[in-house]
Structure formats: C-alpha cells, structure tokens
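Participant: For reference, the structure I am asking about is given below.
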Amino acid sequence: MGIPNFYLSQLTTNYDFGPSHPLRPERLRRAMRLLQAIHPTDVIEPAPASESDLQRVHSEEYVEAVKEISAAFERGEENSPRIGDLIGKHSLYGDTPAFRGIWETSAAYCGASMEAAYAVRDGAPLAFAIGGGLHHAHRNSASGFCVFDDPALAVSVLRERFDRVVYIDIDVHHGDGVQGIFLNDPNVLTYSIHESGKSLWPGTGYVEETGTAGTSTNMPVLARTSGPAWLDAFERTALPTMERFHPQALVLQMGTDPHFLDPLAHVNCDQASWLSAVRHCRDLGIPTVAVGGGGYSLHTVPRMWVSAILTLSRVEFDDAFPADLAAEWGVQTFSDAPETIPHGLGIEANEPIIRQYLEDVLPGVPAA
Ligand SMILES: [Zn+2]
C-alpha cells in the first residue's frame, strides 16, 4: 500500500563515511519517517546488485577492487600495501573514503535502483529508489561521495526495453559520472542543471560538453541564482530538449541541494521552484525511475524528497507538517516560509548561458 514500487534497502543507512561527513544517513531516516507519517508505504527490500550487474557500467577491475577492499576491512587488513594501492588507484579516499561495509552497502543502493528500473522496464509507470542517485561515480573510480553509479545502472536497465532514455539531473552538482558513462551514446540523453563549474565542484558541466551524438546536455547556472530564475532556466532548456529528443523513459535524479539552505552549494533555489521542475518531469508522461541524490541540510532534504515523491505519484498533501514531527524537527511546512527565502540573481543573469544552450546545444540534440 501507499506509494507502489518503492525500493529502499535497510543497509543503505549503513552507507556512512563517518560522523563528520556531510552525507548523513539521518537524511534518509527522516525522509522515511515523514513519508510514513503522511502516506504509509510498503518499502520493498531489494536484492543487492551483483558483480555482473555493476559491470554494466563499471570496469571489472574497479568492481573487484571495491569487493577486495571491503573484505580487507572485515579482516582488519585495510592498512596493507595492496589495499592501499587499490584505494589510491580507484580514488576511495578524501571525500569518498573506503569504510567497513562499503561493498555490501554500495551493492544495496545499486540493487534498489536496478529493481526500480526493472519494475519500470516491465510496465510500471513509476518506481522509486531514494537511497540512490549517486551520480558522480565513474566507470573506474569513486568520486564525490559516490562509490557506484546507480542512476547509470537504472538507465542501462531501461535501455533493455526503451530505445530512447533520458536522464534528468536537478542536483546542484553536475551529474558528471552519468554523463561520462553515456557521453557519446545516441540512445541516452543526459540533461543536468547545476551550479556552474566555475564556482562549484566538480568543475564540469559546461554547455560545450555535448558528446559526439549531441546527447550530453548541460545547463550551468550562476551561484546565487534565485528559485524562479533556476526554474526559468530549467523550463527554457530542459523542456525543448525533451520535446526534440522525445524520450520513452526517464531516470530522474532528485538532488535537493539547489536549495538556499544547503551548506555545500550556492544556488538560492526554494522548495516550490524545485518542486515545479519535478512536476514538469512528471508531466512528460513517460515511465519514470526516480532516485535520490545530494542534499545536506536536515531541514530541507526530508520535506523536498517527500514532496517530490507525493507529487510524482499525484498524491495530494497538506503543506503543514504532522504536529509531532514539526515539534521535534522545528520544521512547520513543506514549503519555505516566504520571509526566509533570500534574494538571488534574477532571470536575466543566466540569459547568455541559456541563449548559448538554445543556439549551440538544442539544434544538435537528435530529433526523434
Ligand atoms: Zn549534489
């Protein structure tokens, strides 16, 4: 009951880089408490992704390395020279450090996104895997809190049935991992709207990055872009791109970090503008796998994800939070209190980038 096709492994909350890391499992726990309070939902525990599953988008060498590193942690041998070499080679350090259970928990969130994609491949109109959306992982290495690239896995599953699959990424960071995996693939269009690489990691996602088939599309916005201006940029670039490419299925990455309260980025988007983009994705009217993504404020992630889940599912909900959670978390409503929304750059600030997109990128998108 509740939201159908809702996949989330209990192991996902053990995907944890430690107490001082911004990717806190508490984000997911709170989102689930909020969803269950408003719209009780049966959560489906997925099977973990297998080694061969992961090799759909990752190198065998990398998959084996993560498994070997994880086993070494279990034996207390993670400081051996061999493991040190593997960690270095595949970038499992810095902001994405190897940890005990890295294999099991990473296979778990990938399994959820794949099972959601199998449900859609097999006829469901909509499926969720909010523990996924880890869009920075590359074919041969970890990056940006992401060990494996579950959105890319979901795309690969949808491609078993659909000729033209679109990946839409509204996270404030460029979806560089997914873009890289499908860069020159004429059947998979990636669209990412994000804060410009001039001011935000990973420093990529420029308009020029179109790939050889014209199916890699990017709308970088400036730091301090306001919610209405962010939405304007999305509507004027994403929507004509979809009209032209005419996708048959969608993987939607729902990073909530464009929000003005997010501590890791500098876009001033508000919940309502962000949710309008989600609504546009719903109104494409195509089979959809919705995954999670970034978002590092406990004040914003639960209410943005749950409002997106309910909106995609066409479930009406009150703006007011359940009283007990409002008292416990100090959050009163799904939407932002108007007086808290900061001013930001208006629509005209991103006009040159939007024009460049419309003149240089859109005409190169293959038309169906
Ligand atoms: Zn992000």
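Participant: Once amide H atoms are built 1.01 Å from N in the peptide plane, which residues 5 or more positions from Thr96, or in another chain, come under 5 Å H to H?
Facilitator: Distant-sequence amide H within range of Thr96: Phe145.
Participant: Further question: Taking the Cα-to-Cβ direction at Arg161 and at Trp329 and moving 7 Å from each Cα, how far apart do the two end points lie in nm?
Facilitator: Reported label-point gap for Arg161 and Trp329 is 3.2 nm.
Participant: Now, a different point. If each residue of separation counts as 0.36 nm, what is the full-extension length gain between Asp85 and Glu45 once their alpha-carbon separation is subtracted?
Facilitator: Between Asp85 and Glu45, full extension yields 11.0 nm more.
Participant: What does the charge add up to near Ser141, with Lys and Arg as +1, Asp and Glu as -1, over the other residues with Cβ less than 11 Å from its Cβ? List each step's numbers first, then the result.
Facilitator: On the way: positive: Lys89, Arg139; negative: Glu61, Asp149.
Net charge around Ser141: 0.
Participant: Segment 118-146 to segment 306-323: how many Å between their Cα centroids?
Facilitator: 23 Å
Participant: Just the number, please: percent antiparallel of the DSSP beta bridges in the chain, rounded to the nearest 5.
Facilitator: The antiparallel proportion sits near 5 percent.
Participant: Follow-up question, since we're still on this one. Show the residues, 5+ positions off or on another chain, whose built amide H is closer than 5 Å to the amide H of Thr225.
Facilitator: Close amide H contacts, sequence-distant or interchain: Asn268, Leu345.
Participant: In nm, to one decimal, how far is the Glu351 label point from the Asn140 one, both placed 7 Å along Cα→Cβ?
Facilitator: About 4.5 nm separates the two model spin labels.
Participant: Comparing Asn350, Asn268, Asn79, which has the greatest mean-square fluctuation in the GNM of the chain with Cα pairs linked when under 10 Å apart?
Facilitator: Asn79
Participant: Then there's this: So, in nm, how far is label Ala337 from label Ser52 when the simple model puts each one 7 Å beyond its Cα toward the Cβ?
Facilitator: My value for the distance between the label points is 5.6 nm.
Participant: OK, next. Find how many whole Å separate the alpha carbon centroid of segment 227-251 from the alpha carbon centroid of segment 63-98.
Facilitator: Using only Cα atoms to place each centre, the spacing works out to 39 Å.
Participant: Return an integer: the convex hull volume of the alpha-carbon atoms of segment 112-364, in Å³ per residue.
Facilitator: Here the figure is 113 Å³ per residue.
Participant: Please compute the net charge surrounding Ala116, taking Lys and Arg as +1 and Asp and Glu as -1 over other residues with Cβ under 13 Å from its Cβ. Don't skip to the answer; put the middle values down first.
Facilitator: On the way: positive: Arg121; negative: Glu45, Glu115, Asp122, Asp150.
Local charge sum for Ala116: -3.
Participant: Add +1 for every Lys or Arg and -1 for every Asp or Glu among the other residues with Cβ under 10 Å from the Cβ of Gly132, and state the total.
Facilitator: Neighbourhood net charge equals -2.
Participant: Another question, if that's okay. What translational diffusion coefficient, to the nearest whole µm²/s, does segment 1-85 have by Stokes-Einstein, given a Kirkwood radius computed over alpha-carbon pairs, a temperature of 4 °C and 1.567 mPa s viscosity? Mind showing how you got there, number by number?
Facilitator: Numbers: Rh = 15.7 Å.
Once the numbers are plugged in, D ends up at 82 µm²/s.
Every number in this text was worked out from the coordinates using simple rules, so none of it is lab data. Since the model is a prediction, treat every value here as computed from it, not as a measurement. Ideal geometry is used to build each Cβ from the backbone, glycine not excepted, and the neighbour counts take in all protein chains shown.
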